[in-house]
1. Ranked by accessible surface with a 1.4 Å probe, highest first, in what order do GLU63, GLU74 come?
2. From the alpha carbon gyration tensor of the range 131-187, can you work out the equivalent ellipsoid semi-axes (sqrt of 5 times each eigenvalue) and give them in Å, largest to smallest?
3. According to a simple spin-label model (label point 7 Å from Cα along Cα-to-Cβ), what is the distance in nm between THR318 and ARG301?
4. Among LEU289, PRO305, ALA279, whose Cα projects farthest towards the positive end of the dipole of the range 227-351, with charges put on the beta-carbon of Lys, Arg (+1) and Asp, Glu (-1)?
5. How large is log10 of I(q)/I(0) for the range 245-358 at q = 0.12, 0.15, 0.17, 0.18 Å⁻¹ when the intensity is taken from the Debye formula with one equal scatterer per alpha-carbon?
6. Report the FRET efficiency, 1/(1 + (r/R0)^6), for ARG138 and ASP351, where r is their Cβ-Cβ distance and R0 is 22 Å, rounded to 0.05.
7. Can you pull the one-decimal nm distance between simple spin-label points at SER71 and ALA363, each 7 Å off the Cα toward Cβ?
8. How high is the FRET efficiency from VAL83 to ALA112, r the C-beta distance, R0 41 Å, rounded to 0.05?
Amino acid sequence: MRADEPAKAAERVRAAPAAAAASDAPAVVVRRANAETPPPVSDPVSGGVATADAMQIPPTGLEFCDVRRVSADELRRWKADPVHGKAQAADIEAQMQRQGEAALAQIAARLAAGSERQQVAARLLMRDADGAALLAQRSSDAQAYQMALTACGSHVAPETPNCARLDARRWAELDPSDARPWLRLMDAALQRRDPAAVDEALAQAAARPRLSRGEYLLEAQAMAAAPAAPDVAGFGNALVMTIGFDAAMMGVDMGAPIRACKGDALKDAMRLAHCRAVARQVLAGATDLIDATLAQKLADRVGLPPEQQAHDAATLKTAGQRLSQHMSEDIGMDCAGMRRIHRLSATRAADGDLAMALALLPARPAR
């Protein structure tokens, strides 16, 4: 990973609409990513480079936890002199970056002394995808292998000698019950236009009873090492950076069956049966909101009866909207906002963002 990744995480996430359109993914990808990546401090008022006229002044000013408080009067001076304002914002961003880097180093050091999975996560948090891949080659931990393989295939970690030695089939061998590596193999087969390999991967995915977690894996490992960075600002900024790393590694694995299960392909009875099995099983076992949303879309496309669908489209859409709103309201760069980031990350690490989203829905009346 490049050294400037944390500062660029928000810009990568804002590019999600194009990626979502290309992968046939629903808008929830964009909503979730934009909501969960805090705005860059380069414009601490509006999140993004805005004109002076567009800059809104909070009456109480802005607080940047353990860095400084910027009064409303000072913000007005920034608005009147954008060059000065951007320089001040850049200084704040640099201080927050240092806070996060220091805490991230503490977290990585703690993880490096732990399990194989934690050691791989430590390497990735320190932007060493090649080192993570070397550890993963010797590991029997499927999630350790998954994290390294995903980082190696992301646009922030160009292929290196050790990355080149990782393969999704080895991942599948490490956890024979997991459909996710077969979704990854299906995606590769679709990219190289190999219909026989697509059919094999689809059948294998349909035969697997579970789907492992696919997102926020580094965040979950960082939360496990929380005592290594007890200060609110440092750990909060480290989490923001970690979420950026996870976003950069984000793959939409359920995009593969979405592309494989459409049009004339569904005229084949065997492929249709496999598509239905994947939709039903992923929808029932997903912990990631994006997986559930795409699986439900696939379920409708392939005619899976509603009684076989664990979640319906309207419920998932509303849950995604509630989660986006919840994240937007709770994330902030003041100390209270940093504490909320801690709590949100802890909940997501424990339960996944699908459970978080569904928990925000009003309770259904008892029958």
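1. Solvent-accessible surface, decreasing: GLU63, GLU74.
2. They are 18, 13, 8 Å, listed largest first.
3. 2.6 nm
4. Going by the charge dipole, the pick is PRO305.
5. Each listed q maps to, in turn, -0.50, -0.71, -0.85, -0.91.
6. Efficiency, rounded to the nearest 0.05: 0.10.
7. About 4.8 nm separates the two model spin labels.
8. Between VAL83 and ALA112 the formula returns 0.45.
The values are calculated or read from the model by the stated rules, or taken from the named source; none is laboratory data. Being a predicted model, the structure only gives us computed values, none of them experimental. Here Cβ is always computed from backbone atoms with ideal geometry, including for glycine, and neighbour counts include all displayed protein chains. Quick note on the areas: whole protein, heavy atoms, side chains included, nothing else; ligands and nucleic acids left out. Shrake-Rupley method; radii C 1.70, N 1.55, O 1.52, S 1.80 Å.
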